[in-house]
Amino acid sequence: MAHRLWSAGMQTLVQMVYPPRCLSCGGLVETDFGLCGTCWRDTPFVSGLACDLCGVPLPGQSDHAEHCDECLTLARPWVQGRAALVYRDRGRRMVLGLKHGDRHDIARPAAKWMARVSRGMLRDNMLAVPVPLHVNRHLRRRFNQAALLTQALAAELGCDWCPDALQRVRATQPLEGKGRAERFEALQGQIRVADSRVPLITGRPVLIVDDVMTSGATLAAATEACLAAGATEVCVTVLARAAKDA
Ligand SMILES: [Zn+2]
Ligand SMILES: [Zn+2]
C-alpha cells in the first residue's frame, strides 16, 4: 500500500516536472494516450466496421466478419488483421516520425491504440513478433520500429514477445514504387524463422506486428514463415493501413 501511494506520488511529481505533451502538436495533454483533443479528432483512427483481415475501414455496419475488395482478391495467409490508423494525413506523419525521425516517444501511445483494436484477436499463449527490417536498413536506421511497437504492444496485451524470431533471408531492394504483383514476388520466401527460435513458435499462435501495411506482401511472407515453423495460426496488426482510396 505504502509502495503504491509512493508510486502514485512519484507519477504526479514526474507529470509536474515533465507534463505529457501531444505527440502531434506538442500541446499539453492530460492523459498518456498521446494526443490532445484537437489532434485526436484530426487523426484518422479506425473505428466502426473494418476489414477483418487488414483493418481498413469499411462503410456500413455488420454483425459478422467482413472483408475488403483487396482481401477478397489477394491471398491472406493470416486469419485476422487489425490497424489502428489509416495511413494518411496525421496517421501517415505518425508512422514516418516513428520510422525516420527517431520519434521513439510515439511507440508507447501507438501501442495503446494498437492494443485497443487488437485485443479481440488475442489467443491463449500468443507470441508477438515484429516484421524484421532487412539488413541494410537496420544499419542505417539503427533500430527496428516494428520491434519497438511489438515490445510496447506485448506489454499492453500481457503476452510474450520475441524481437528476433523472424529474419530476412537476404537484403531486398526497397519496395517503394513497385507494383503489387512485383512486391509479392520479391518477398516470397525472403522471411524465415531463425533456427534458434523455431521451438518458440512451434505449436502456438503468433501475432505479427508492423508499423504499416501497404500491399500486405511483407506480412504474407512473415505469416508463411511462422506457419512453416509450426505456428498454429497467425494474426497481424499494424499501426497504420495504407488504403488505396482512403
Ligand atoms: Zn495536439
Ligand atoms: Zn482487407
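The label-point distance for residue 156 and residue 62, in a model that sets each label 7 Å from Cα toward Cβ, rounds to 2.4 nm. How big is the gap, in Å, between the Cα center of region 63-97 and the Cα center of region 159-218? Their Cα centres are 16 Å away from one another.
The Rg/Rh ratio for the chain is 0.98, where Rg is the radius of gyration of the alpha carbons and Rh is the Kirkwood radius. Computing FRET efficiency as 1/(1 + (r/R0)^6) for residue 31 and residue 244, where r is the C-beta to C-beta distance and R0 is 30 Å, gives about 0.35. Considering only Cα atoms, the convex hull volume of region 187-246 works out to 76 Å³ per residue. Placing a label point 7 Å from the Cα of residue 89 along the Cα-to-Cβ direction, the residues of region 40-78 whose backbone N falls under 16 Å from that point are 40-48, 57-58. Residues of region 151-191 with an amide N closer than 16 Å to a point placed 7 Å from the Cα of residue 122 along the Cα-to-Cβ direction: 151-162. Ranked by how many other Cβ atoms sit within 10 Å of their own Cβ, fewest first, the residues 226, 71 fall in the order 71, 226. Straight-distance candidates among the lysines for linking to residue 112, with alpha-carbon spacing under 29 Å and chain neighbours fewer than 8 residues away dropped: 99, 244. Taking only Cα atoms and a 10 Å spring cutoff, compute GNM fluctuations for the chain and point out the largest among 198, 212, 234. Ranking 198, 212, 234 by mean-square fluctuation puts 198 first. Shown in residue order for region 183-190 are the 3J(HN,Hα) couplings computed by the Karplus curve 6.51 cos²θ - 1.76 cosθ + 1.60 at θ = phi - 60°: 4, 4, 5, 4, 9, 4, x, 9 Hz (x for Gly and Pro). What residues have an amide H closer than 5 Å to that of residue 50, excluding those fewer than 5 places away on the same chain, when H is modeled at 1.01 Å from N in the peptide plane? Excluding prolines and chain starts, which carry no amide H, the hits are 58. When the P(r) of region 97-234 is calculated, the portion above 17 Å amounts to 59% of the C-alpha pairs.
The amide H of residue 87, built 1.01 Å from its N in the peptide plane, has 241, 242, 243 as neighbours under 5 Å, considering only residues 5 or more places off or on other chains.
Every number here is computed from the coordinates shown, using simple stated rules; none is lab data. What you see is a predicted model; the values in this text were computed from it and never measured. A quick note on method: Cβ atoms are made from the backbone with ideal geometry, for glycine too, and the neighbour counts reach across all protein chains shown.
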